[in-house]
Amino acid sequence: MPVELRKRKAPAPPPEPPAKKKQSKVAKVAEKIKEAVKPRGRPPKATPAPAKEAPAAAAAATNGLPVTGKPQVGDIISLDGFGGEVETNDGVKTTLKVLVDESKAGVVLFTYPKASTPGCTTQVCLFRDSYAPLTAGGLAIYGLSTDSPKANTTFHTKQKLPYPLLCDPAATLIGAIGLKKAPKGTTRGVFAVDKQGKVLVAEPGGPAATLAAVKKLVEELAGPEEAAKVEGIPVPAADEAEAEAEVPAAAAAAAAAAAAAAAAEVEAPVAEEKPASAPAPVVEEPALEEKKDVEMTDAPAANGEVKASSVAPEEAAAEKKVE
């Protein structure tokens, strides 16, 4: 039988879209107003909100310290890179971490403004005279300033110091321990840290106050025998330390004034000495009585006779006999 072919049914047409509703006049006017109010040009780009710094990154930037960067007693600081690199008076580059690692119990840094000045000389000599008992417990003592290695070497040699002096011209370590003046300069003070990075002392003070702070620290850390040695360290009062600092300054000022006066005397022109004039000849005048006798003898009397007062008594007697 022949095959019968069937036609497929055509698909149903899609449904007609719904008729649009006619807009009212009010809607047309509102749409026109919206188009007129729209700003022309490109829309402004939205500024992204600043990303919050991660706590770990913030702690790394401040070396684990508060935002101020000034360590307080009891803080534990990260010694890696703390304060940057400094130099000893002998010219050896070092860091605070290296100094702490080389010590037995920690490091003491006392800061001073300028080498070879009266107050700084008093301070370094106080630590020099008490060096043995202060370091008996394992603490290492260093002086710290912004002076050059040459200036600190001269200072170290002249005062015969048993400890090194650290040179920090950029004041990176001085600023890290919170003893840098703004905008420039160094505050006298003391800073101590142990092997674990714990801040033991951090305070400003004069020569006697810095020594007293380290003495107190050693007494707290040392045993009974070492504490007894530290108790015998004489700590001058603040007034005495200041007086000792003022005496050399006054002496230096007096010496400078004397030198200036001597220089002025040398430079002053010496006045030329005039030759002494010859003394006038002295004319000896006759005695008063002789002068009167001569005058009376030479002068004739009014009647032509010589006055009796002007003639000697013997001559007068002879004249009477002749008459």
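The values are calculated or read from the model by the stated rules, or taken from the named source; none is laboratory data. Just so we're clear, the structure is a prediction, and the values are computed from it rather than from any experiment. Counting neighbours? That spans all protein chains shown, and the Cβs are built from the backbone with ideal geometry, glycine included.
Take Ser130 and decide whether it is more than 22 Å from the chain's Cα centre (by Cα), buried (at least 19 other Cβ atoms within 10 Å of the Cβ) and of a type in the set (Ser, Thr, Tyr).
It is true that Ser130 is more than 22 Å from the chain's Cα centre (by Cα), buried (at least 19 other Cβ atoms within 10 Å of the Cβ) and of a type in the set (Ser, Thr, Tyr).
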Exercise. Report the residue count in region 141-172 for those that are crowded, with 23+ Cβ neighbours inside 10 Å and assigned to a helix (DSSP H, G or I).
Key: 2
Quiz item: Here is a list of conditions, (1) out of contact with any Phe, Trp or Tyr (no Cβ under 6 Å at 6 or more places or on another chain); (2) farther than 22 Å from Ala136 by Cα, and Val100 meets all of them except one; can you say which number that is?
Solution: (2)
Quiz item: Conditions: (1) touching a strand residue (DSSP E or B) at 6+ places or on another chain (Cβ under 8 Å); (2) surrounded by fewer than 22 Cβ atoms within 10 Å (Cβ to Cβ); (3) within 20 Å of Val92 (Cβ to Cβ). Val107 meets all but one. Number of the miss?
Solution: (2)
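Kindly evaluate Ala245 against the criterion of being exposed (fewer than 15 other Cβ atoms within 10 Å of the Cβ), modelled with pLDDT under 90, under 24 Å from the mean Cα position of the chain (by Cα) and part of a helix (DSSP H, G or I). Spell out the reasoning first.
Numbers: exposed (fewer than 15 other Cβ atoms within 10 Å of the Cβ): no; modelled with pLDDT under 90: yes; under 24 Å from the mean Cα position of the chain (by Cα): yes; part of a helix (DSSP H, G or I): yes.
Considered against the rule, which asks whether it is exposed (fewer than 15 other Cβ atoms within 10 Å of the Cβ), modelled with pLDDT under 90, under 24 Å from the mean Cα position of the chain (by Cα) and part of a helix (DSSP H, G or I), Ala245 comes out as no.
Residues of region 89-104 being among the aliphatic types (A, V, I, L, M) and either touching a strand residue (DSSP E or B) at 6+ places or on another chain (Cβ under 8 Å) or in contact (Cβ under 8 Å) with a residue 24 or more places away in the chain (or both), which ones? Don't jump to the end; show me each part of the working.
So the first thing to find is which residues in region 89-104 are among the aliphatic types (A, V, I, L, M), and the list is 92, 96, 98-100.
Residues satisfying the conditions are Leu96, Leu99, Val100.
Residues of region 173-199 being part of a strand (DSSP E or B) and within 24 Å of Thr122 (Cβ to Cβ), which ones? It would help to see each step written out before you state the result.
Narrowing region 173-199 to residues part of a strand (DSSP E or B): 180, 186, 189-194, 198-199.
Scanning region 173-199 gives Lys180, Thr186, Gly189, Val190, Phe191, Ala192.
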